[in-house]
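Down below is the structure, laid out as structure tokens.
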Amino acid sequence: MDDAGFEAWYRREHPRLLASMVVVTGDLGAAMEATDESFARAFERWDRVGAMASPGGWTYRTALHVVRRRERRRRLELRLLGRIARADVAAPPEWSVEVFEALRALPPRQRTAVALRFVAGLPSTEVAVAMGVTEGTVASTLSDARARLALALADPPDIPLELSDG
């Protein structure tokens, strides 16, 4: 089938798949997400999916996989939130406005590295995993961030409060 074939098939199948996923999930948002993801994947692979004996069956199976993956993630998040709620939660740092402004001015990557390393207290190895970079990149990023912060937070030169005419 070509793109026109996909469009006709989509218009015919979409309402039924969406209705089925609403019943499966009990949540219109989750059903829409699973349905849309399933049809997007079908479109990406339409040469193969359109030639199947049951493209609709493939799409339903894909939507159900999306629903299951979403549910597994939701349960994991709830479990992790339960652990966090029971753990001692550190108070937010009591930094001056100048420090927060200097942090906000950092590029996003440096700001993220600083937050994970010094606010969350993660070791560099975990910062690297969280950011999807190497430990060397974390070290370099933190070094660059420290240099920028040092410049931003350096004491201004002595400026007289009153200017004299002479």
Handout entry: Extension gain from Ala120 to Met52, taking 0.36 nm per residue of separation minus the Cα-Cα distance
Key = 19.5 nm
Problem - Estimated inter-spin distance, Thr112 and Val99, nm [label 7 Å along Cα→Cβ] - result: 2.4
Exercise for the section: Could you rank the peptides 15-21, 71-77 by their average count of other C-beta atoms within 10 Å per residue, with the highest value first? Expected result: 15-21, 71-77
Practice task
Could you list Thr35, Thr141, Thr25 in order of exposure, starting from the residue whose Cβ has the fewest other Cβ atoms within 10 Å?
Solution key: Thr25, Thr141, Thr35
Handout entry: Normalised contact order of segment 97-153, rounded percent, pairs of Cα under 8 Å and 6 or more residues apart
Key = 43
Practice task
With label points built 7 Å along Cα→Cβ from the Cα atoms of Leu78 and Phe43, find their separation and express it in nm.
Solution key: 3.3
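Each reported figure results from applying straightforward, stated rules to the coordinates on display, with no laboratory input. Just so it is clear, the model here is predicted, and its values are computed rather than measured. Positions of Cβ are generated from backbone atoms using ideal geometry, with glycine treated the same way; all protein chains shown enter the neighbour counts.
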